[in-house]
Amino acid sequence: LAPSAGLQRSLGEQQALFSLPSARGPLPAPRWPVECEVIQETIEHIEWVPPQPEPFCPPTGPEQALETLGEEQGTVVYHSSPVLQGSCFTRARVGGAPGPLSSPAAPLEGPQDSTLLFESRFESGNLQKAIKVGPYEYVLMLRPDLYTAKHTQWFYFRVQNTRREPLYRFTIANMAKPKSLYGQGLQPLLYSQWDAQSRGIGWRRVGTDIRYYCGSAGEPPTFRLSWTLRFPHDGDTCFIAPSYPYTYSDLQRYLRVLVADPVRSRYCVVRALCRSLAGNTVYLLTITGPGSMAGKRAVVVSARAHPGESGGSWAMRGFLDFLLSAHADAQLLRRLFVFKVVPMLNPDGVVVGNSRCSLAGRDPNRAYGTALPSFFPGVWHLRAMVQRILAEREVVLYCDFHGHSRKNNVFMYGCDAGRASAGTRLLQRVFPLMLSKNAPDKFSFPSCKFQVQKSKEGTGRVSMWRLGVSHSYTLEVAFSGSTLGGRSSHFSVEDLESLGRLLCDTLLDFCDPAPTKLQQCLAEVDALLQQRMGREPGSGGSWSDVTAWELESRYVTPCDPVSSHGA
């Protein structure tokens, strides 16, 4: 079955095809700013799920500072040329900087030299400097987001010349956030090339004596993440990252398999929403069943506005895998809805290893209200697409996938209309409540927030809500894992992918024509809010005179800060 004529007409409104993955031939190579040096090796990792959940490391607490030597007492063994702060993006090319590569790593003095060899000049890599301050101790500096002096959080680098016996200590000396899940048991990830090739073992959580503490009281202050580890083998090649990397090339490989599939490609069409500043394609997937488009409502889903939040891409992949499957619920979803999916809004940031920004040097998830197509093409074209869809049909849901560095579990940010009717305010909370029931060991409804703060007016969820999408959310996935349902363990890739399937299940529950589930959840939300306001259950008090701030300030817990950077 070919896509319906209505689907083809809808797709015709989008940008012309360019730089799309094909079933044959090489993938379109990522385009980099010309200031960036890029090694020629292709970095790929196998997928693996640990046989048992990986528990959190016993926390040491933020007060446990560690005396660590600095650059003046050590030897710089890796220094990748930084982009000058204050500069701005000018142009890009495949392969980044032209000409021969520099040698940022200090050469080994002989076979007995145990110095680690660092490298980060590959897709999504981030490490600017490594300083050896002891035989097996290194102070690391992350590169700020390109064309900024801020946002040091994501790291991803390679180490070679490992030794199995020593206990190594790594200290990242310029983390930006004052609070982190590393103080609550989060461990970094390690990938051993030897274990992957010989034992089929992929990324795994490692690290002991993990500490997160204030490193300097300057303006702005910086914070330090320190941990110890033992490498599994001598002479291994290993990679270290905070969460499972998912690169732009990973997405392109996924899409190439998708477009080559004779079954799934019948109801999924891949197009280009736009080009990024560097000229990388921002992909748009349109997914729906055959037949007439009349009467179908739309669902819009996006991910990776913030490049350092790679968990959002794994949840997105789980969403797409389920929606494009032969499962009866997936077929029903395709029959009922038209899905518009942008799996990677900020490909440039992902390519260069940024934490938060695009090549415009600003956070794209604060730019929806003022975005210009020449500065934030992905954001501008997504918003314009939703405006066009709303002129034709209802958008029943917008969901933007993100990651969170300071709160455990999965939760949502929504949009409370303040003085709106009680029914509207309660209904805004029903979808997250339903998701918490479908994912009781992952999703925390008490962690959800619905207040629309002035600082969040430029976010995707608030912008889409202002356009007329009644149910507009940010899905926040913790960098760490879950403390629910008896768990106290990190999320695996399998956990992250399951979130996409659970979101699909919840959409069917939310839109079920039989009113039973909806009415039950409305009553439950009303009872929860009555309890939080100190009212008697069933008292029937009005919500029209209660602000969103009042509702949420009543149930902040010690683990839920009132102000959170978030999405």
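The values are calculated or read from the model by the stated rules, or taken from the named source; none is laboratory data. What you see is a predicted model, and the numbers here were worked out from it, not measured in a lab. As a convention, Cβ positions derive from the backbone with ideal geometry for all residues, glycine included, and neighbour counts pool all protein chains shown. For accessibility, only protein heavy atoms count, side chains too; no ligands or nucleic acids. Shrake-Rupley method; radii C 1.70, N 1.55, O 1.52, S 1.80 Å.
Within the set of pairs 6 or more residues apart or between chains, which connect a residue that is crowded, with 21+ Cβ neighbours inside 10 Å inside the stretch 238-255 to a residue that is of a type in the set (K, R) and not in a loop (DSSP other than H, G, I, E, B) with Cβ atoms less than 6 Å apart?
Here the result reads F239/R158, each pair linking the stretch 238-255 to a residue that is of a type in the set (K, R) and not in a loop (DSSP other than H, G, I, E, B).
Scan V282, V341, V379, V300 and give me the residue that is modelled with pLDDT of 95 or more, closer than 21 Å to H471 by Cα, in contact with a Ser or Thr (Cβ under 8 Å, 6 or more places away or on another chain) and β-branched (V, I, T).
None of the other options fit; the residue is V341.
What are the residues in the stretch 303-319 that are under 11 Å from V493 (Cα atoms) and among the basic types (K, R), if any?
R317
Suppose we filter the stretch 427-455 for residues that are without any contact (Cβ under 8 Å) to a residue 24 or more places away in the chain and within 19 Å of the chain's Cα centre (by Cα); how many remain?
Here the count works out to 0.
Yes/no matrix, rows are residues, columns are (1) assigned to a helix (DSSP H, G or I); (2) closer than 24 Å to M344 by Cα; (3) at pLDDT 95 or above:
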site	(1), (2), (3)
Q387	yes, yes, yes
V396	no, yes, yes
M412	no, yes, yes
L427	yes, no, no
S463	yes, yes, yes
Y473	no, yes, yes
L484	no, no, yes
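Do we find that L186 is in a strand (DSSP E or B) and buried (at least 16 other Cβ atoms within 10 Å of the Cβ) in this structure?
no
Anything in the stretch 272-293 that is in a loop (DSSP other than H, G, I, E, B) and over 13 Å from F337 (Cβ atoms)? List them, or say none.
S276, L277, A278, G279, N280, P290, S292
Taking L551 as meeting all but one of (1) part of a helix (DSSP H, G or I); (2) modelled with pLDDT of 90 or more; (3) in contact with a helix residue (DSSP H, G or I) (Cβ under 9 Å, 6 or more places away or on another chain), write down the number of the exception.
(2)
Do we have any residue at all in the stretch 141-160 that's of a type in the set (S, T, Y) and surrounded by fewer than 20 Cβ atoms within 10 Å (Cβ to Cβ)?
There is at least one residue in the stretch 141-160 that is of a type in the set (S, T, Y) and surrounded by fewer than 20 Cβ atoms within 10 Å (Cβ to Cβ).
Which ranges mark the helices (runs of 4 or more DSSP H) fully within the stretch 309-366 that have 1 or more residues being open to solvent by 20 Å² or more (accessible area, probe 1.4 Å) and either farther than 12 Å from T247 by Cα or in the same structural domain as G95 (by the TED database) (or both)?
Per the criteria, 311-323, 328-336.
Looking at the stretch 41-70, I want the residues that are modelled with pLDDT of 95 or more and have a partner that is of a type in the set (A, V, I, L, M, F, W, C) and open to solvent by 40 Å² or more (accessible area, probe 1.4 Å) with Cβ atoms under 7 Å, at least 6 apart or on another chain. Which pairs are those?
Note: no pairs meet the criteria.
Regarding R211, is this residue outside the structural domain of S355 (by the TED database) and charged (D, E, K, R)?
Answer is yes for this residue.
Can you name every residue in the stretch 510-521 that is in a helix (DSSP H, G or I), within 22 Å of R297 (Cα to Cα) and open to solvent by 30 Å² or more (accessible area, probe 1.4 Å)?
Once the filter is applied, which keeps residues that are in a helix (DSSP H, G or I), within 22 Å of R297 (Cα to Cα) and open to solvent by 30 Å² or more (accessible area, probe 1.4 Å), the stretch 510-521 yields T516, K517, L518, Q519.
Among (1) acidic (D, E); (2) crowded, with 21+ Cβ neighbours inside 10 Å; (3) over 26 Å from R362 (Cβ atoms), which single condition is D505 missing?
Unmet condition: (2).
Please go through the stretch 378-399 and give me each residue that is within 19 Å of the chain's Cα centre (by Cα) and under 24 Å from T247 (Cβ atoms), ordered by number.
G378, V379, L382, C399
Quick check on this structure: which one of V477, V452, V469 is of a type outside the set (F, W, Y), open to solvent by 10 Å² or more (accessible area, probe 1.4 Å) and assigned by the TED database to the domain that holds A303?
Only one candidate qualifies: V452.
Within the stretch 216-239, can you find the residues that are of a type in the set (S, T, Y) and not in a loop (DSSP other than H, G, I, E, B)?
Hits for the stretch 216-239 are S216, T222, S226, T228.
Take the stretch 111-131 and flag every residue that is part of a strand (DSSP E or B), free of Cβ contacts under 8 Å to residues at least 60 places away in the same chain and open to solvent by 10 Å² or more (accessible area, probe 1.4 Å).
L117, K129
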